[in-house]
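Since the structure comes first, as structure tokens, the remarks are kept for the end.
The values are calculated or read from the model by the stated rules, or taken from the named source; none is laboratory data. What you see is a predicted model; the values in this text were computed from it and never measured. All Cβ positions, glycine included, derive from the backbone under ideal geometry; neighbour counts span all protein chains shown.
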Amino acid sequence: MAVNKDGKITAFKATVVNQSLTKGTLFEGFMYKDGIDATQREGLESHPYNIPSHDLKSYCPELPVPVLWLRSVGHTTSAPVVENIVDQAAIASGIDPIDFRIKNMNNPRYIKLLENVAKQSNWYNREKNSGYGVAIAESFGSIVAYVIKVKVENNDYKVQNVWAAIDCGTAINPLGIENQIEGCVNFTMGYIKSAQITIKNGAVEQNNFYDYEVNRITDAPDSIKVEIINSGEKIGGIGEVGVPPMFAAIINALYDATGKRYTNFPIKVG
């Protein structure tokens, strides 16, 4: 990513390499074309930032281990990359991470959500000795922004507080939306902290929950606050949209707490 002296992003380059999620499935006919899987484009060609120059490439190698969807599909891999790099650019530019994002956006829907989570979390007067991270992403027609607070102690970390804002157009069932965001938060925490599948001699090594660790109730945040912004735009989805920016928010919060950028999952500190 290139940024000019005024804090404006001028160029973005990204390369995606992964097996196709759609080739060989019922989706291949309209989602796999010219060696590119449509899921690889999700969140990369539709990010919210005003960037005049892009160099985006994707490759689909074929490997013997079959793959399929993870919750939020392509957005789950693109949001952590985009929001991690944007965060690095903000810090390198000496600009507050929320201010930097807003500076490089035009769409008022995104800006309103960032302003909302900044206010919810008291971002500009945040606590010392804790890590704070921000991230925003659109997927399936809905936009979600997070600010999260993490505490790192004894070579471990815990997400203590989550402040979320969502714009899915118009909320039909606000309680259902809140429940889905809470579920997305805990789902993502399990994946980013502990869940892992490893392959040995062509076979998965994990067998059940005794050796495939998932999020426990003791890992849940102390609080998750969700505010819904009804923009009146076209109604979007809700079942997956809270996952992509949560991955990114944790990465950014851990950097704030430790000074280290984590780019491999699961993330272990210490």
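Please work out if Gly176 is over 16 Å from Ile229 (Cα atoms), surrounded by fewer than 17 Cβ atoms within 10 Å (Cβ to Cβ) and in contact (Cβ under 8 Å) with a residue 12 or more places away in the chain. Spelling it out, it is not the case that Gly176 is over 16 Å from Ile229 (Cα atoms), surrounded by fewer than 17 Cβ atoms within 10 Å (Cβ to Cβ) and in contact (Cβ under 8 Å) with a residue 12 or more places away in the chain.
Scanning the range 149-190 for residues that are touching a helix residue (DSSP H, G or I) at 6+ places or on another chain (Cβ under 8 Å), outside any strand (DSSP E or B), within 23 Å of Val214 (Cβ to Cβ) and of a type outside the set (Val, Ile, Thr) yields a count of 5.
If you filter the range 11-44 down to residues that are surrounded by fewer than 16 Cβ atoms within 10 Å (Cβ to Cβ) and small (Gly, Ala, Ser), you find that the one that is farthest from Glu62 (Cα to Cα) is Ala11. Tell me yes or no: at least one residue of the range 212-225 is aromatic (Phe, Trp, Tyr) and either under 27 Å from Ser142 (Cα atoms) or surrounded by 14 or more Cβ atoms within 10 Å (Cβ to Cβ) (or both). Checking the range 212-225: at least one residue is aromatic (Phe, Trp, Tyr) and either under 27 Å from Ser142 (Cα atoms) or surrounded by 14 or more Cβ atoms within 10 Å (Cβ to Cβ) (or both).
Here Gly232 does not qualify as within 18 Å of the chain's Cα centre (by Cα), surrounded by fewer than 20 Cβ atoms within 10 Å (Cβ to Cβ) and among the small types (Gly, Ala, Ser).
So which of Val147, Val162, Val117 ends up being among the β-branched types (Val, Ile, Thr), touching a Lys or Arg at 6+ places or on another chain (Cβ under 8 Å) and modelled with pLDDT of 95 or more?
Val162
A count restricted to the range 191-213 and to residues that are in contact (Cβ under 8 Å) with a residue 40 or more places away in the chain and part of a loop (DSSP other than H, G, I, E, B) stands at 4. Remark: pairs (first residue in the range 11-26, in contact (Cβ under 8 Å) with a residue 60 or more places away in the chain; second residue crowded, with 16+ Cβ neighbours inside 10 Å and part of a strand (DSSP E or B); Cβ separation under 7 Å; 6+ apart in sequence or on different chains) = Val16/Ser58.
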